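**Q** Please find one structure pasted underneath; my questions will follow.
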Amino acid sequence: MAVPEFEVPKLTEYTEVPKINPGVMAHVKTFPAAEASQTFLGYPWALTDDWQERAIDKMGDLLGKYRSLRVFMDACVHCGACTDKCHYFLGTADPKNMPVARQDLMRQVYRRYFTIPGKIAPWLVGAKDLSKEILDDWYNYYHQCSECRRCSVYCPYGIDTAEVTMAGREILNTIGMGQKYSSEILTKVQKIGNNLGLPGPALEDTLLGLEEDIELDTGVPVKIPLDVKGSEILLVTPSADFFSEPHVESLIGYAKVFHAAGASWTLSTHASEAGNFGLFNGNYETMRKVAMRIRDAALELGVKRIIVGECGHAWRVAYSFWNTLTGIGFGGNDPFSIELQQQLDHRYKQPMHICEYTWDLIQKGTLKFDKSLNDDRVITFHDSCNVARGSRMGEEPGDQFTIPRNVIMAVANNFHDMAPETIGEGTFCCGGGGGVLTDDLIEVRVKGALPRMNAFNNVVQADGVNFLALICAICKAQFTKVIPYYGFDRSMVGGVHQLVSTAIKLD
Amino acid sequence: MTSLTLIYTGLYYFAAIVLIAGVAYRIVEYSRTPAPLKIPTTPAPTTGAGVAMRMAREVVLFESLFKSNKWIWVFGWMFHVGLALVLLRHVRYFQEPMWFVIEFVQPYGTYASFMMVAGLLGLWARRFLVDRVRYISTPSDHLMLALLVAIGVSGMMMTFVSHTDIVALKAFTLGLVTFDWQPLPSDGPLLVHLALVALLMIIFPISKLLHAPGIFFSPTRNQVDNPRETRSIAPWAAAAERK
């Protein structure tokens, strides 16, 4: 590991609220998007001459389209309830990483151009003309937000900074200040079919290789089918599952579960990506286009069920938005959604999370485990922010917390939760979500992981925990990269279905 | 009619129109702006009745704030409950005879003013003492607190220190409602109190006081968690889908 060019925060028993340190993270600038990808996405790639007018027009457009943004701009009373809730503030002490201050970066401009007091007496209400300095602040600090929604839990009006960050990034894109990382991923997923840019033949090779590995390892010919028409189930999973470590271990776990259940299932090359970075940039149209690949694949393959692999924001988009964007779900009464919904099997949730699927089979007694095979592991579970606060599993509110834990406890003997205020709805983001998972933002990622690392360290010390179980591709990639900065071994990071994979009995 | 009475009569009609029309405009604006995506902060209720309960807990008990910060919750709740009781008490100036509940609330409303002002001072102190809150406070945040404290204190002056001619005042306020205008007593504290209240009414629809109607329109709090069962789509998104 290279020596970091910044100070890694020290682990402490409790995450203390730091004294504010203005401007301490102002130097962090994510790499700007280049011409090719921005052009493909329909954005300018350098600051346009009419940036000011364009930005204000776009803000007005978004205020008219999104009630969230409209209400959130007005409703804040600066009470301060959110100021100590963001992991990036806790890890960096930069006051512009306090949720309210991040919102105010936009609110100051909103007030100047869209409210009476801001037009008459800007000094009174903190209103400012949109300047290049403010644009720079937007670019810096809207890329130090992982859109994890922790602030929205604690705001008395439910103001969700993620909505503001998304709007901020959309405005920045509109005037030619896009981010390289998200821009390139959104291009790859639309041109090739997945965020990693893995073409169909390479995917096929990888899956064949995995099948061989599983058979060598277990002696059982577990298949990982690709593009099989007429399958019952379409599995859509983050492309990192195909060859990143530890992600691939979970993919093997899904395959073993399907095998043990005797399910007819397939992956799709066209929809070889569950992740949807359209969410991060607040562009409805792009998010819809990316999501439409799954609908198209489902129609093409004629599947009856759609199941989503371990990925936090992908599950948020799938659970909360797919029905709206693509008709994947139920209750549609328009030809567009009926076309797909009459094909789907109404006895099952659509879409379904892989943890829901596995837990269902466990309850029915379909799957058999040897829990002792996981006995070398002492496990804790990190609730992924987008699953915890942006979606659900199962029947009841909060089942998104119990179902993954139930699965873990069904396949392993040693489980300890982290401190209650750091899990469940109050879970801390891994520090790499929302389009921040890029090396040019490593300082933000390392510092933003501090609250989670403190909570993790406590169970490592107290309970001998040696395995951080995850259900998100971004969490897995982020922790694998960041955990060594805090003195932990990256082999401690893994997936819930990696644990399933270890303990499941195949025949 | 004296010019003082004339000015205050005019001021109150103006303030009432601005308040009612302004807030109505905002409510129409919020309700006409679509919420294209399901974004309740989960875990969220899965039924409409559940959402009504969640909203009631937010509005009455400040549930999210309680989770967040006990100091802000204590001061904020003291202020809002104090204000609610004080406002209920003031209903007596606009009706004759009084409803039972208004009569019942009179003594509580009197002492609730202490709770209200104490809450405000606590919130104000945080704007100086907590570095994070000091950083986000704008001049208008301080002035809003100053305005509310001044309204509270000027009102308490009349209750506890120097009484105004309450019978004449009630004649004035009832006259406003019945369009049968009556003279206004010209005590200092009363005139200050009434002028500041009118100012508060006027700035309500253009200030952060919009958090009051705003919370009912907050998508993270007012949406039902049922996106897999029902398909919702905004008109502008549906129009794009048909293209």
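**Q** Which order do the peptides B:98-110, A:378-390 come out in when sorted by mean C-beta neighbours inside 10 angstrom, highest first?
**A** A:378-390, B:98-110
**Q** What average number of partner chain Cβ atoms lie no more than 10 Å from the Cβ of the residues making up B:124-132?
**A** 3
**Q** Where does each of A:K289, A:K85 land when they are ranked from fewest to most other beta-carbon atoms within 10 angstrom?
**A** By the 10 Å Cβ count, ascending, the order reads A:K289, A:K85.
**Q** Helix A:99-114 versus the longest principal axis of chain A: what angle, 0 to 90°, nearest 10, using Cα atoms?
**A** Taking the Cα atoms of chain A, the angle to A:99-114 is about 50 degrees.
**Q** Shielding by partners for B:138-149, please: the mean number of other protein chain Cβ atoms within 10 Å of each residue's Cβ.
**A** Other-chain Cβ atoms within 10 Å of each residue's Cβ, averaged: 3.
**Q** Taking the number of other C-beta atoms within 10 Å as the exposure measure, put A:D417, A:D57 in order starting with the fewest.
**A** Going from least to most buried by this count: A:D57, A:D417.
**Q** Can you tell me the FRET efficiency between A:N21 and A:A419 if r is taken as the Cβ-Cβ distance and R0 is 35 Å, rounded to the nearest 0.05?
**A** 0.85
**Q** Also: Convex hull volume of the Cα atoms in chain B, per residue, in Å³?
**A** 178 Å³
**Q** Beyond 12 Å, how much of the Cα-Cα pair distribution for the range A:303-349 remains, as a whole percent?
**A** So the portion of pairs separated by more than 12 Å is 60 percent.
**Q** Using only the Cα atoms of the range A:339-391, what are the Rg and Dmax in Å?
**A** 15.8, 49
**Q** Now for a different question. In what sequence do A:W265, A:W51, B:W181 fall when counting other Cβ within 10 Å, fewest first?
**A** By the 10 Å Cβ count, ascending, the order reads B:W181, A:W51, A:W265.
**Q** Alpha carbons only, please: Rg and Dmax for the range A:49-91, in angstrom.
**A** Spelled out, the Cα radius of gyration and Dmax of the range A:49-91 are 14.7, 39 Å.
**Q** While we're on this one: Would you list which lysines come within 16 Å of A:K119, measuring only between C-alpha atoms, while excluding same-chain residues fewer than 8 positions from it?
**A** Filter leaves A:K128, B:K208.
**Q** Counting only complete DSSP H runs, which helices of chain B cover 15 Å or more along their long axis at the Cα atoms and score a mean Kyte-Doolittle of 1.0 or above?
**A** B:3-32, B:70-90, B:139-156, B:166-178, B:188-203
**Q** I'd like the mean, over residues of A:123-130, of how many other protein chain beta carbons sit within 10 Å of each residue's own Cβ.
**A** Across A:123-130, the average partner-chain Cβ count within 10 Å equals 3.
**Q** Now for a different question. Can you pull out the cysteines in the protein assembly as shown that have no other Cys Cβ under 4.7 Å?
**A** Isolated Cys, the protein assembly as shown: A:C76, A:C79, A:C86, A:C145, A:C155, A:C311, A:C355.
**Q** Once the Cβ-Cβ distance between A:E53 and A:D345 is put in as r, and R0 is 56 Å, what FRET efficiency do you end up with, to the nearest 0.05?
**A** For A:E53 and A:D345, the calculated efficiency is 0.65.
**Q** Let me ask something additional. For the range A:46-177, how big is Rg over Rh, using alpha carbon atoms and the Kirkwood form of Rh?
**A** Computed over Cα atoms, the ratio is 0.94.
**Q** In straight Cα distance, which aspartates and glutamates are under 17 Å from A:K364, not counting same-chain residues fewer than 8 positions off?
**A** A:E356, A:E395
**Q** Binned at 10 Å from 0, what are the whole-percent values of the Cα-Cα distance distribution for the range A:369-503, short to long?
**A** All Cα pairs, binned at 10 Å, distribute as 13, 45, 35, 7, 0 percent.
**Q** I'd like the orientation of helix A:450-463 relative to chain A: the angle between its Cα long axis and the longest Cα principal axis, in ° from 0 to 90, rounded to 10.
**A** The helix A:450-463 is inclined about 40 degrees to chain A.
**Q** Okay, next question. A 32 angstrom limit on the alpha carbon distance is what I want to check against. Which of A:K10/B:K67; A:K371/B:K70; A:K349/A:K447; A:K96/A:K349; A:K223/A:K476 exceed it?
**A** Violating the 32 Å limit, Cα to Cα: A:K371/B:K70; A:K349/A:K447; A:K96/A:K349.
**Q** Measure nothing fancy, just the Cα-based angle from helix A:473-482's long axis to the longest principal axis of chain A, in degrees from 0 to 90, nearest 10.
**A** Relative to chain A, helix A:473-482 is tipped by roughly 70 degrees.
**Q** To continue, here is another question. Charges at C-beta only: +1 for Lys and Arg, -1 for Asp and Glu. How large is the resulting dipole of the protein assembly as shown about its Cα centre, in Debye rounded to 20?
**A** 1660 debye
**Q** Here's another thing I want to ask about it. Normalised radius of gyration for the protein assembly as shown, please: alpha carbon Rg relative to 2.2 N^0.38 Å, two decimal places.
**A** Taking N as the residue count of the protein assembly as shown, the ratio is 1.04.
**Q** Select from the range A:102-175 those GluC sites (Glu not before Pro) which occupy a DSSP coil region and have at most 11 other Cβ atoms within 10 Å, ordered by residue number.
**A** Passing both the DSSP loop test and the Cβ count: no residue.
Values in this text are rule-based calculations from the coordinates and carry no lab data. These numbers come from a predicted model, not from an experiment. In this analysis, Cβ positions are derived from the backbone assuming ideal geometry, glycine residues included, and neighbour counts consider all displayed protein chains.
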